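Have a look at the structure below, then the notes.
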Amino acid sequence: MKKILLQLFGLLAAASSLQSANGQCCTIIDMAKEAGTFTIRDSRSGRIQLFKPDALEGAELKIGDSVDVKFDSMKVVSVKGVAKTYDLLEPLYNDSCCVVMKLDTLMPDSVFRVTARNISSGKSIYFNLPSTLRPSLDSGTVVFMHPSHGYAMVATRTDSTRKALFGFPVLEKPDN
């Protein structure tokens, strides 16, 4: 009996570590109830996508819920830890509000601070950008914003044919 319990415990521990390694990659950051679509953001890369669940599931979802996706096949594979299959949709770019003015290195080879200027108000916004996206941004790059979720979004190519949208929280005040 003890041996069976130890084996069962080992299987549970292995399943738990596998789940935490794969984990839920994305979080719902916005929803358009009239369209039935939800905006999700990959917490590792910042990538932004949309998906449209069935009406019953959509009625139960809220901002902050977890979603796991496979970007290579453009599919949602689970919602709130329950296996589901939905197609990922192209994100809405919304209004281009700002233009990148400068990029400062915060941590070498890791994070860049982006300063962008709002083209209407002249006010600056700030957000941090991972170094993996740095080669695709320069002064003059367009920044998109959507007022409901507070993310600065930039478009970049993920390969030679596909463009992707990445979003990063707008910072209230830059930390120096």
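Quick notes on this structure:
- Residue check, residue 170 more than 30 Å from residue 34 (Cα to Cα) and β-branched (Val, Ile, Thr): no
- Residues being over 19 Å from residue 47 (Cα atoms), in contact (Cβ under 8 Å) with a residue 40 or more places away in the chain and either of a type in the set (D, E, K, R) or exposed (fewer than 13 other Cβ atoms within 10 Å of the Cβ) (or both) - total across the range 106-129: 0
- Listed by position, the strands (runs of 3 or more DSSP E) enclosed by the range 1-120 that each have at least 1 residues that are modelled with pLDDT under 95, among the aromatic types (Phe, Trp, Tyr) and assigned by TED's automatic domain parsing to the domain that holds residue 141 are 111-118.
- Residue within the range 133-145 that is among the aromatic types (Phe, Trp, Tyr) and not assigned by TED's automatic domain parsing to the domain that holds residue 43 present: yes
- Any hit, the range 130-139, residues being touching a residue at least 60 places away in the same chain (Cβ under 8 Å) and not in a strand (DSSP E or B): yes
- Residues that are surrounded by 14 or more Cβ atoms within 10 Å (Cβ to Cβ) and at pLDDT 90 or above occur at least once in the range 133-141.
The values are calculated or read from the model by the stated rules, or taken from the named source; none is laboratory data. Since we're looking at a predicted model, the values are computed, not measured. Counting neighbours? That spans all protein chains shown, and the Cβs are built from the backbone with ideal geometry, glycine included.
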